[in-house]
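See structure below.
Throughout, read-outs are computed from the coordinates displayed, never taken from laboratory work. Computed from a predicted structure; not experimentally measured. Don't worry about glycine lacking a Cβ; one is built from the backbone with ideal geometry, like all the others, and counts go over all protein chains shown.
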Amino acid sequence: MGKTLILDGYNVIYKLPSLEASMEQSLNSARNALAVYMAKWKINNDPTAKICIVFDGRDGIAPDGSNTGLHGINCVFTHTNEDADDRISLLLKNARDTKNIYVISADNKVANSCRVYGARIKHPEFLEEKKTKKQRAKLIEPKKTMDQATIDKINKELKGIWGLD
């Protein structure tokens with residue numbers, strides 16, 4: 001059995017900076033953005049992984065607790081009176097083998113309930129692309145230095161403003 005990722009949908013959306021802009025548009029945009037993100041993640045990181053995103057169904061998207069596929073990713077919408085945390089626990093409770101299941105959430109309640117079933121818990125940062133040393137070095141802007149004449153001019157002006165001439 002390969003790796004299975006179960007995502008606490010809205011929790012992950014709020015924790016990944018690259019999805020923040022989609023939340024400003026709408027919940028639907030954010031859900032789509034997460035599904036696209038996970039489809040790309042799967043291709044680049046683990047093409048054999050099974051991925052399931054669990055969303056709260058309270059907002060009327062799928063009040064019947066149905067499943068749907070967004071961009072090839074299985075998305076589960078809870079029943080109206082059920083939250084994603086409870087559905088994730090239920091999925092683990094009914095799983096035959098939880099040692100290859102990774103639950104992606106920053107929610108302590110989810111993490112604690114999932115540990116009971118032997119699932120592995122990962123923070124949403126787990127999904128972000130890891131940068132190599134070379135890539136990180138490119139992100140660091142080189143320090144800009146001033147020549148001594150500019151420093152002296154600034155110091156002279158500040159002394160004048162502060163009355164230290």
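For Ser18 and Ala149, the FRET efficiency from 1/(1 + (r/R0)^6), where r spans their Cβ atoms and R0 equals 30 Å, is about 0.10. For the stretch 4-131, the relative contact order comes to 27 percent (Cα pairs under 8 Å, sequence separation of at least 6). Legend: ranking of residues His79, His123 from fewest to most surrounding C-beta atoms inside 10 Å; resulting order His123, His79. Here the dipole of the stretch 4-131 is about 580 debye; that uses its Cα centre as origin and unit charges on the Cβ of Lys and Arg (positive) and Asp and Glu (negative).
Between Gln25 and Lys50, the contour length at 0.36 nm per residue exceeds the Cα-Cα span by 6.2 nm. Neighbour counts of C-beta atoms inside 10 Å place Arg31, Arg96 in the sequence Arg96, Arg31, starting with the fewest.
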